[in-house]
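Below: the structure, in structure tokens.
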Amino acid sequence: MNELVDFHCHLDLYNNFEQIVTECDKRNVFTLAVTTTPRAWLRNYELAQKTKHVRAALGLHPQLINNEQSEIGIWEKHFLKAKYIGEVGLDASPRYYPYFEHQQKVFDRILSMCSGTGGKVLSIHSVRCVTKVLESIVKNKTHLNNKIVLHWFTGSLKEAHKAIEVGCYFSVNLAMFQSHNSKKIIEIIPKDRILTETDGPFTSYNNKPQHPWNVDFCIESLAIFLGISKEEMQSRVYRNLMILLQAS
């Protein structure tokens, strides 16, 4: 049976972080352990190095950027060693919009560095600013020699079409099936660009934080929604991951 894929999970935010890393390996769940701060990356990377299925992503979350120097120097220090980049991006929600200019400068720096080296896989946050995120990606030409995955996409249909045109992948989670707009987005995503995620521990199932293996529930929902078998859906997502990684 193909492995499950959780392409966006904050493993280091669980109380039993190391145990969950081990469990992902035992359960054959390919898990992208995104970080919100580059200070957390090294420990994630060290643990992931011991596994077959867990990979660590070097992040600098836009919600944590309140000045243009926000840990970007630490992020740059680890950059060459990191194949996976995330969680990075922009957030224009009211609480974080006052720092949007700083976010933009940091995001542009990240995209520029990725363009300079190529071969990176990025998991990108784009709350209330998908157009800005896509403009930045295109301006920096990051999509030309890297792979872009839009995490928990909440933009418009028009923005989704633009993202597809740019070549983006989309990581879909269970919560997206609660939104009419998100379901319309899922309908138009090319089937070879769909990945799955939990965004745990920020999402829950039966009032409990989701763990990477709970991505099985998302596979089931996708299969029902797209009218295919669960086995076919799981196989398709895994195949998409393999193609994504081979091309990066």
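The values are calculated or read from the model by the stated rules, or taken from the named source; none is laboratory data. Values in this document were obtained by computation on a predicted structure and should not be read as measured data. With ideal geometry, Cβ positions are generated from the backbone for all residues, glycine too; neighbour counts draw on all protein chains shown. Ligands, DNA and RNA are stripped out before the accessible areas are found, and what is left, the full protein with its side chains, is counted by its heavy atoms. Shrake-Rupley method; radii C 1.70, N 1.55, O 1.52, S 1.80 Å.
Rundown of residues vs (1) at pLDDT below 95; (2) open to solvent by 20 Å² or more (accessible area, probe 1.4 Å); (3) closer than 30 Å to residue 234 by Cβ, yes/no style:
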position	(1), (2), (3)
21	no, no, yes
27	no, yes, yes
30	no, no, yes
37	no, yes, no
55	no, yes, yes
58	no, no, yes
62	no, no, no
67	yes, yes, no
76	no, yes, no
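Determine if the range 97-117 includes at least one residue that is of a type in the set (A, V, I, L, M, F, W, C), surrounded by fewer than 15 Cβ atoms within 10 Å (Cβ to Cβ) and without any contact (Cβ under 8 Å) to a residue 40 or more places away in the chain. Break it down into steps so the answer makes sense when it comes.
Taking the range 97-117 and keeping what is of a type in the set (A, V, I, L, M, F, W, C), we get 100, 106-107, 110-111, 113-114.
Narrowing the set further to residues that are surrounded by fewer than 15 Cβ atoms within 10 Å (Cβ to Cβ) leaves none.
The answer is no, given that none of the residues of the range 97-117 is of a type in the set (A, V, I, L, M, F, W, C), surrounded by fewer than 15 Cβ atoms within 10 Å (Cβ to Cβ) and without any contact (Cβ under 8 Å) to a residue 40 or more places away in the chain.
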If we scan the range 81-103, do we find a residue that is over 19 Å from the mean Cα position of the chain (by Cα) and among the β-branched types (Val, Ile, Thr)?
no
Output the residue which, of all residues in the range 83-96 that are among the small types (Gly, Ala, Ser) and in contact with a helix residue (DSSP H, G or I) (Cβ under 7 Å, 6 or more places away or on another chain), is surrounded by the most Cβ atoms within 10 Å (Cβ to Cβ).
89
Restricting the first residue to the range 217-236 and requiring it to be in contact (Cβ under 8 Å) with a residue 24 or more places away in the chain, which pairs with a second residue that is open to solvent by 50 Å² or more (accessible area, probe 1.4 Å) and among the hydroxyl-bearing types (Ser, Thr, Tyr) meet a Cβ separation below 7 Å and a spacing of at least six or different chains?
217/205
